[in-house]
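**Q** First, the structure itself, so that you have it in front of you.
The values are calculated or read from the model by the stated rules, or taken from the named source; none is laboratory data. Note that the structure is a prediction, hence the values are computed from the model and not measured. Note that we place each Cβ from the backbone using ideal geometry, even for glycine, and neighbour counts take in every protein chain shown.
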């Protein structure tokens with residue numbers, strides 16, 4: 001029988017399974033503390049998302065709003081991904097405002113940024129679609145053998161003791177508590193599903209949060225340029241993917257094994273993967289763990 005377990009030993013720190021970026025493989029705790037102690041600027045914007053929650057998409061929208069232009073960033077999102085940058089000192093040379101991004105939970109966010117009321121955009125996607133997207137991300141990157149089933153992934157990894165960046169529930173609840181205690185309106189919550197259903201309205205909300213005056217035409221153009229299909233094409237034709245070679249420690253996985261960043265980008269694909277039994281168990285866990293939450297999670 002073919003072994004269906006993950007092919008390589010994971011990097012685990014603070015109860016979280018981490019991506020194979022070189023700074024994390026070399027010393028995860030050091031990098032986490034460097035981020036926590038990062039010297040920030042007043043106008044820095046940090047996009048904080050749980051993995052597979054639309055990070056590339058919203059980051060591109062934010063970059064276009066900041067520039068006031070619909071020109072794609074030539075750099076990949078990982079160019080300003082705090083966990084992946086080979087030397088964090090390199091961001092000192094970047095012009096302000098800097099659109100940084102991270103998957104870190106709130107407790108590891110830059111302390112100075114929080115104390116100064118720096119802007120944080122937190123994107124939330126329903127966990128069932130997150131689980132499906134993460135499963136295919138791991139599968140296409142070669143972390144799992146092809147026979148590793150979604151059920152095994154959901155049960156043993158996504159709902160297990162050391163999921164990517166920790167439990168989805170812990171992650172979103174930590175940001176929810178931070179938002180409730182935020183007196184300066186510095187933490188802005190975006191729902192993935194709302195961005196899909198009402199992209200122009202949500203992009204306007206983002207612009208307002210960023211104190212950016214954006215015309216209706218610019219908003220409409222950004223929405224069009226950042227549609228799933230256009231982003232997928234841009235990722236292949238415009239983005240400088242060579243940067244990924246500098247930051248990923250591929251280990252035993254062949255460099256040709258690339259995770260799929262743009263698979264479907266839809267709402268409700270979980271229905272094609274959850275059995276009735278899996279869904280019932282997941283719903284039970286969701287109700288227990290989100291019992292006192294005021295977050296409006298949308299599953300379809």
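**Q** Within the stretch 39-68, can you find the residues that are under 19 Å from residue 174 (Cβ atoms) and out of contact with any strand residue (DSSP E or B) (no Cβ under 6 Å at 6 or more places or on another chain)?
**A** 50, 52
**Q** Restrict the check to the stretch 260-280 and report whether at least one residue is surrounded by 16 or more Cβ atoms within 10 Å (Cβ to Cβ), closer than 30 Å to residue 43 by Cα and at pLDDT 75 or above.
**A** Scanning the stretch 260-280 turns up no residue that is surrounded by 16 or more Cβ atoms within 10 Å (Cβ to Cβ), closer than 30 Å to residue 43 by Cα and at pLDDT 75 or above.
**Q** Which of the residues belonging to the stretch 98-113 are in contact with a helix residue (DSSP H, G or I) (Cβ under 8 Å, 6 or more places away or on another chain) and buried (at least 18 other Cβ atoms within 10 Å of the Cβ)?
**A** 99, 100, 101, 102, 103, 104, 105, 106, 108, 109, 110 - these are the residues of the stretch 98-113 that are in contact with a helix residue (DSSP H, G or I) (Cβ under 8 Å, 6 or more places away or on another chain) and buried (at least 18 other Cβ atoms within 10 Å of the Cβ).
**Q** Can we say residue 295 is modelled with pLDDT of 95 or more and touching a strand residue (DSSP E or B) at 6+ places or on another chain (Cβ under 8 Å)?
**A** yes
**Q** For the stretch 114-135, give me the residue count where each residue is assigned to a helix (DSSP H, G or I) and in contact with a helix residue (DSSP H, G or I) (Cβ under 9 Å, 6 or more places away or on another chain).
**A** Counting residues in the stretch 114-135 that are assigned to a helix (DSSP H, G or I) and in contact with a helix residue (DSSP H, G or I) (Cβ under 9 Å, 6 or more places away or on another chain) gives 10.
**Q** Scanning the stretch 14-35 for residues that are in contact with a helix residue (DSSP H, G or I) (Cβ under 9 Å, 6 or more places away or on another chain), crowded, with 16+ Cβ neighbours inside 10 Å and modelled with pLDDT of 95 or more, which turns out farthest from residue 114 (Cα to Cα)?
**A** Checked the stretch 14-35; the qualifying residue farthest from residue 114 (Cα to Cα) is 31.
**Q** Give just the number: which of (1) surrounded by fewer than 16 Cβ atoms within 10 Å (Cβ to Cβ); (2) at pLDDT 95 or above does residue 127 not satisfy?
**A** (1)
**Q** How many of the residues making up the stretch 147-160 are within 17 Å of residue 288 (Cα to Cα) and surrounded by fewer than 18 Cβ atoms within 10 Å (Cβ to Cβ)?
**A** 2
**Q** Another question, then. Mind listing just one residue for me: the one in the stretch 71-96 that is surrounded by fewer than 17 Cβ atoms within 10 Å (Cβ to Cβ) and in contact (Cβ under 8 Å) with a residue 60 or more places away in the chain and, of those, farthest from residue 213 (Cα to Cα)?
**A** 86
**Q** Follow-up question, since we're still on this one. Among the residues of the stretch 268-288 satisfying the criterion of being part of a helix (DSSP H, G or I) and under 21 Å from the mean Cα position of the chain (by Cα), which is farthest from residue 127 (Cα to Cα)?
**A** Checked the stretch 268-288; the qualifying residue farthest from residue 127 (Cα to Cα) is 269.
**Q** So is residue 221 under 30 Å from residue 9 (Cα atoms) and touching a residue at least 24 places away in the same chain (Cβ under 8 Å) or not? Spell out the reasoning first.
**A** Details: under 30 Å from residue 9 (Cα atoms): no; touching a residue at least 24 places away in the same chain (Cβ under 8 Å): yes.
No; evaluated as a whole, the condition is false for this residue.
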